[in-house]
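Asker: There's a structure below that I have some questions on.
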Amino acid sequence: MSNLAKRLIGLTGGIGTGKTTVADYLADRYALPVLDADIYAREAVDQGSQILSTIFQRYGNQVKSADGSLNRSALGEIIFNHPQEKQWLEQQIHPFVRDRFAQELQQLKSKIVVLSIPLLFEANLMALVTEIWVVSCDRSLQIRRLQQRNGLTPQQAATRIDSQMSLAQKVALADVVLTNNAGLAELYAQVDVALQS
């Protein structure tokens, strides 16, 4: 079966909006394969990888853990506060992620595949999917979830949110918008409707 015959759902949204919750539901409830850009991005910087060597060359020991792996929080501080560094890092990782998606899609026989891609628009990966689902929520909820999940201050959470393309822009480009303000039952009901349409 060629990719053209498949329904390829590009699942995206802002940080802390509930993308993982939706991806997990689609996998658990509907047994759909979920390809996760975050997993591929982590693979890109595995110990011994060329990309990790390039990162260490640029930033030195400040982003290197004692065991020689990447210190993600130190790198996060750099890229969330310096847009040009974020752009540089993405130029290293996005081509690797795109290639991993292509490899996996070649092998999958499922009629519906979910591609969970937080940076779908930023990485210009829209051509990989046949429809775009954006998970959205109120900014105050987004900040609260990030504080709880990542132990951030409200200011740190806001900085991370603001470092990304705005949710309003993503919503404007979506085929389906899933609003995650009112709890899981309502979110899952929206997913069920979107999948049937």
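Asker: Would you point out which residue out of Ala41, Ala27 is part of a helix (DSSP H, G or I), touching a residue at least 60 places away in the same chain (Cβ under 8 Å) and either surrounded by 14 or more Cβ atoms within 10 Å (Cβ to Cβ) or β-branched (Val, Ile, Thr) (or both)? Give the steps one after another, and end with the answer.
Answerer: Values: Ala41 fails: touching a residue at least 60 places away in the same chain (Cβ under 8 Å).
None of the other options fit; the residue is Ala27.
Asker: Taking Glu131 and the conditions (1) of a type in the set (D, E, K, R); (2) more than 25 Å from Val63 (Cα to Cα); (3) in contact with a Phe, Trp or Tyr (Cβ under 8 Å, 6 or more places away or on another chain), which numbered condition does it fall short on, given that it satisfies the others?
Answerer: (3)
Asker: Could you give me the residue pairs with C-beta distances under 7 Å whose first residue belongs to segment 7-24 and is closer than 15 Å to Cys137 by Cα and surrounded by fewer than 23 Cβ atoms within 10 Å (Cβ to Cβ), whose second residue is at pLDDT below 95 and not aromatic (Phe, Trp, Tyr) wherever it lies, and which are 6+ apart or on separate chains?
Answerer: Within 7 Å, the pairs are Ile15/Leu146; Ile15/Arg160; Ile15/Ile161; Ile15/Gln164.
Rundown of residues vs (1) outside the structural domain of Leu178 (by TED's automatic domain parsing); (2) at positive phi; (3) under 14 Å from the mean Cα position of the chain (by Cα), yes/no style:
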| position | (1), (2), (3) |
| --- | --- |
| Gly14 | no, no, yes |
| Asp24 | no, no, yes |
| Ser53 | yes, no, no |
| Gln62 | yes, no, no |
| Ile79 | yes, no, no |
| His82 | yes, no, no |
| Arg98 | yes, no, yes |
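Asker: Can you name the number of the only condition in (1) more than 16 Å from the chain's Cα centre (by Cα); (2) exposed (fewer than 13 other Cβ atoms within 10 Å of the Cβ) that Arg149 fails?
Answerer: (1)
Asker: Quick one: is Val129 hydrophobic (A, V, I, L, M, F, W, C) and either touching a helix residue (DSSP H, G or I) at 6+ places or on another chain (Cβ under 9 Å) or within 17 Å of Ser163 (Cα to Cα) (or both)? Don't jump to the end; show me each part of the working.
Answerer: On the way: hydrophobic (A, V, I, L, M, F, W, C): yes; either touching a helix residue (DSSP H, G or I) at 6+ places or on another chain (Cβ under 9 Å) or within 17 Å of Ser163 (Cα to Cα) (or both): no.
Here the answer is no, as Val129 does not meet what is asked.
The values are calculated or read from the model by the stated rules, or taken from the named source; none is laboratory data. Note that this is a predicted model, so its numbers are computed, not measured. Cβ coordinates were reconstructed from backbone atoms using ideal geometry, including for glycine residues, and neighbour counts include every protein chain displayed.
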